[in-house]
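The block underneath contains the structure these notes are about, expressed in structure tokens.
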Amino acid sequence: MSSMEQRAAGARELHRTIDFLGLRAHATTVGLIQLCEELLKVGILDAPALERIKDSIRMELTLSQARISNQTLFDETLRRRLDAIFPHCGSPKEPVGEIHDLEEALDPDAAH
């Protein structure tokens, strides 16, 4: 696979992941992730600042899902998934997870 094909495949996967997480405005989200990565590389952004950025996104998404029956599970699942798509300061990325986990967090009483 060529470098361009790899970048395109990566872009498609990131698009699906962002949609899966429930983030809107894909281009803005991808730009924010890239900006964070660039700022981390040059030492302008540190790990605590990145956590505050992710926390603000998580809080907004959590507020928009106020009717969720298991808010704690939803919040934990969302936190793991945001951690999976944003750059990391020295720690490896973890996989985003399965759609089943997010569906369960949204509605734990739903039939599986």
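The values are calculated or read from the model by the stated rules, or taken from the named source; none is laboratory data. Quick caveat, the model's predicted, so the values are computed rather than measured. Virtual Cβ from ideal backbone geometry, glycine too; neighbours counted across all protein chains shown.
Can you say whether Ile33 is closer than 30 Å to Leu73 by Cβ, in contact with a Leu (Cβ under 9 Å, 6 or more places away or on another chain) and touching a residue at least 40 places away in the same chain (Cβ under 8 Å), as far as the supplied structure shows? Spelling it out, Ile33 is indeed closer than 30 Å to Leu73 by Cβ, in contact with a Leu (Cβ under 9 Å, 6 or more places away or on another chain) and touching a residue at least 40 places away in the same chain (Cβ under 8 Å). The C-beta contact set for the stretch 49-63 (first residue within 14 Å of Arg81 (Cβ to Cβ) and in a helix (DSSP H, G or I), second residue at pLDDT 85 or above and basic (Lys, Arg), distance under 8 angstrom, 6+ apart or interchain) comprises Lys54/Arg79; Arg58/Arg79.
Conditions (1) closer than 20 Å to His88 by Cβ; (2) at pLDDT 85 or above; (3) among the aromatic types (Phe, Trp, Tyr), marked per residue:
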site: Leu23; (1), (2), (3): yes, no, no
site: Ile44; (1), (2), (3): yes, yes, no
site: Glu51; (1), (2), (3): yes, yes, no
site: Ser56; (1), (2), (3): yes, yes, no
site: Met59; (1), (2), (3): no, no, no
site: Thr62; (1), (2), (3): no, no, no
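Sort out which residues of the stretch 69-112 are of a type in the set (A, V, I, L, M) and at pLDDT 75 or above, and write them in order of number. Within the stretch 69-112, Leu73, Leu78, Leu82, Ala84, Ile85 qualify.
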